[in-house]
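Coordinate-derived values only; no laboratory data. Predicted model, so just to flag it, every value in this text is computed and none were measured. No Cβ is skipped: glycine too gets one built from the backbone with ideal geometry, and neighbour counts run over all protein chains shown.
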Amino acid sequence: MLQNVLLTREIYASEEHKMMREMIQDFIKNEIMDHIDAWEKKGMVSREIWERAGELGLLCMDMPAAYGGSGLDFSFNALFIEEMGKKGISGPGFSLHSDIVAPYLLKYGTEAQKQKYLPPMATGKLITSIGMTEPNCGSDLQAITTSAVDQGDYYVVNGQKTFITNGFMSDMSIVAVKTNLGTAEEGVSLLIMESDAEGFEKGIPFKKIGMKSQDTCELFFDDVKVPKENLLGEEGKGFKIMMTELARERLSVGLNAIGGAEGAIENTMEYTSTRTAFKQPIASFQNTQFKLAECATQLQLHQAFLDRCTQLLSKDELTAESASIAKYSATEMHGKVVDECLQLFGGYGYIWDYPIARMYADNRVARIYAGTNEIMKVLIARGLFKEL
């Protein structure tokens, strides 16, 4: 067993974490696994699974109870992310909702904004997304062109966003816009935009290589009127807010990666122990054992580092550089592990009915979203050469 080799992870050793892990595993087994095929055909999950996650207290777990959360620390969110990753579940965009949108509102929202949006987010009755990327603007968020023109009591928003996780299902999106275009005060601002607003349209969900059950689409804004009270934080401070909060998003991607790598290794150990070649289990061959030993070693090293990052984030001490290292290194490791594991499945590794095939297709985008791994290297390098 893989756990015979890996060190006990103190970060998840409490009785509360053990109980939470059991509940999450039951939730995945009983309420997600049987629906994946149907969700993939539809291109999105059901609203019911969101509400069920809310009923179990699995959404916005580290949000204060006053706003409907469980008042736990981030390690419980991390545990949920990893357990979903182990089973290769990419459908419900729970982490984006709980680990990106909710913290934005909690840290920068007015009390009225928090009271309006956070409680229904915790129940899963309000599904959220975040609109940053544009068709001609990926990692360079300062180059966005979606505009918000001040009209006194409201802004008029025009533009387009793309690659939006939860986009089609979302009821509300935090959207990055340019305010005060063409003036000395021009800058990026964040607006809370409800999807039923006039002029707010959603594109047809993309057909993707992987993550087929997670809806990802474009958002279009045609003279959308957004009340001034929907400004999140200060006008022109949106870029600073996004840069501050991206550390959590990138750690979340890294956590999903180590969960996914662990699941791939366990899945492959089980398969190679029962599949035979030349009248003996594939697992008995030295090549199989060495490949999985290499994978387990990389997993253990990354678990140790990401556990430390999780502890730092819980204390609000995680730096942008450490988060970038976590995202970059863990996703690269995940890709290599899944590739090695798929090879050990032989031809069956290429069949969609086998979880390893889904894992192979799903994990590739992790090196792209939340900032490409090339951008991660830029951020790490900037930290190394701050004096230059």
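How far apart, in nm, are the 7 Å Cα→Cβ label points at residue 28 and residue 16?
Label-label distance for residue 28 and residue 16, simple model: 2.2 nm.
How far, in nm, would the chain grow between residue 336 and residue 300 when pulled straight, counting 0.36 nm per residue and subtracting the alpha carbon separation? Spell out each step's value before the answer.
Details: separation 36, 0.36 × 36 = 12.96 nm, distance 1.45 nm.
Extending this stretch completely gives an extra 11.5 nm.
Hand me the chymotrypsin sites (Phe, Trp or Tyr not before Pro) from region 286-388 located in a DSSP loop with no more than 14 other Cβ atoms within 10 Å, in residue order please. Let's see the in-between values first.
Details: sites: 290, 305, 328, 345, 348, 350, 352, 360, 369, 385; in loops: 352, 369, 385.
Here the sparse-neighbourhood loop sites are 352, 385.
Can you pick out the pairs among 178/225; 327/386; 114/212; 207/291; 29/212 whose Cα atoms lie more than 23 Å from each other?
114/212; 207/291
Grab the beta carbon distance between residue 274 and residue 3, set R0 = 30 Å, and tell me the FRET efficiency rounded to 0.05.
Taking R0 as 30 Å, the efficiency between residue 274 and residue 3 is 0.95.
What fraction of the Cα pairs in region 2-127, stated in percent, has a spacing above 17 angstrom?
Distances greater than 17 Å cover 58 percent of the Cα pairs.
If each residue of separation counts as 0.36 nm, what is the full-extension length gain between residue 240 and residue 372 once their alpha-carbon separation is subtracted?
In short, 45.6 nm is gained.
Would you mind calculating the gained length between residue 112 and residue 316 on full extension (0.36 nm times residue separation, minus the Cα-Cα distance), in nm to one decimal?
On the way: separation 204, 0.36 × 204 = 73.44 nm, distance 2.43 nm.
So the chain would gain 71.0 nm between residue 112 and residue 316.
Counting each pair of different Cα atoms once, what's the Kirkwood radius of region 234-388 in Å, rounded to one decimal?
16.9 Å
What is the calculated FRET efficiency for residue 153 to residue 354, with r their C-beta to C-beta distance and R₀ = 51 Å, to the nearest 0.05?
So, using R0 = 51 Å, E works out to roughly 0.35.
Tilt of helix 15-31 relative to the longest C-alpha principal axis of the chain, in degrees (0 to 90, nearest 10)?
The angle comes out near 90 degrees.
Going by how many other Cβ atoms sit within 10 Å of their own, how do 185, 31 line up, fewest first? Kindly include the intermediate steps, with their values, before the conclusion.
Working: 185 10, 31 14.
Listing 185, 31 from fewest to most nearby Cβ atoms yields 185, 31.
Computed FRET efficiency, Cβ-Cβ of residue 55 and residue 384, R0 51 Å: what is it to the nearest 0.05?
So the FRET efficiency works out to roughly 0.65.
Where does helix 286-314 land angle-wise versus the long Cα axis of the chain, in degrees 0 to 90, nearest 10?
For 286-314 against the chain, the angle is about 30 degrees.
Can you pull the one-decimal nm distance between simple spin-label points at residue 225 and residue 46, each 7 Å off the Cα toward Cβ?
3.8 nm
Using a Gaussian network model of the chain with C-alpha springs under 10 Å, which one of 218, 194, 249 is most mobile by mean-square fluctuation?
The residue that fluctuates most here is 194.
Starting from the coordinates of the alpha-carbon atoms of region 129-235, obtain the Kirkwood hydrodynamic radius over all distinct pairs and give the value in Å to one decimal.
Final number for the Kirkwood radius of region 129-235 is 13.9 Å.
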